1. For segment 210-220, check the following and say yes or no: at least one residue is more than 27 Å from W60 (Cα to Cα), surrounded by fewer than 20 Cβ atoms within 10 Å (Cβ to Cβ) and modelled with pLDDT of 95 or more.
2. How about segment 170-197: which of its residues are within 17 Å of the chain's Cα centre (by Cα), over 16 Å from R99 (Cβ atoms) and in a helix (DSSP H, G or I)?
3. Provide a single number: the residues in segment 35-67 that are modelled with pLDDT under 95, crowded, with 22+ Cβ neighbours inside 10 Å and not in a loop (DSSP other than H, G, I, E, B).
4. How many residues, within segment 218-235, are under 18 Å from H86 (Cβ atoms) and out of contact with any strand residue (DSSP E or B) (no Cβ under 7 Å at 6 or more places or on another chain)?
5. Do you know which residues across segment 196-208 are open to solvent by 20 Å² or more (accessible area, probe 1.4 Å) and touching a helix residue (DSSP H, G or I) at 6+ places or on another chain (Cβ under 6 Å)?
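The values are calculated or read from the model by the stated rules, or taken from the named source; none is laboratory data. Just so you know, these numbers come straight off a predicted model, no measurement behind them. Here the Cβ is made from the backbone with ideal geometry for all residues, glycine too, and neighbour counts use every protein chain on show. For accessibility, only protein heavy atoms count, side chains too; no ligands or nucleic acids. Shrake-Rupley method; radii C 1.70, N 1.55, O 1.52, S 1.80 Å.
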Amino acid sequence: MPFASSHAGPLRCVAVGEGPALVLLHGFAMQPETYLPLARLLADRAQVVIPAIFGLPERWSFDHALECLELTVDDLAIDRMSLLGHSFGGGLELAYAARHPDRVVECVFSDTLADRREFRLAQEALRNPPRLLGMASVPAAEAFFKSFLTHPMQLVRAAWWGFTSDRSGDIETIVSEGIPCHVLWAERDSILLRSDGQDFARDLHATFTVAKPTPDYGRVDHDWMFDDPELFESHLEELGLQVLANA
């Protein structure tokens, strides 16, 4: 691991459960607590750790965020882990797995940044603003406003990285290392195109699953990981993940 900067340090985390480690990297402007309903559903089989990836000791940069994530995992004495990234968190998941393939058991990406780069992602996210606002649930809105109030410039800098970075090199590394990967996608994602997820899964040599609603669910949208945690858990179980193998 590279020499740590003087300002880097472990991130605040929410952790529940016991067993093999599952590190969950949350979406843009969300909070670790937003994902607690899902984490509690998995806590009987895994130790679910959710770092606050925007609450950095100094201004947000990709390298600083990755360094703090590395220190967080080391501080928790996690040698091997499964990774689960939602939306923005998938970009950080890619980078960590590419740099530490010996420590990553498997990767799951849900409605994530995928390999889109430059401003194509921004164009997709804003292609239908009324639909985007209609998607926002109470947990998502609460987390967004809390994040905006506590570290607004962190969010701006992170968004710029998400819109302009090229993640293809990390994808190639993960494929060459043979890390098992899975991509889950909402049936009707209001932010990202399904074709993005399909292209991402193809480039990553990953499985690709579209989550469709059951009769007792409504529309499955971008935030289904925490809006419909039972549905999301059922899809994780169907993947046959090693982290949940002791179920």
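1. Yes: segment 210-220 contains one or more residues that are more than 27 Å from W60 (Cα to Cα), surrounded by fewer than 20 Cβ atoms within 10 Å (Cβ to Cβ) and modelled with pLDDT of 95 or more.
2. Correct list: R194, D196, G197.
3. The qualifying residues number 1.
4. 10
5. Selection gives D203, H205, F208.
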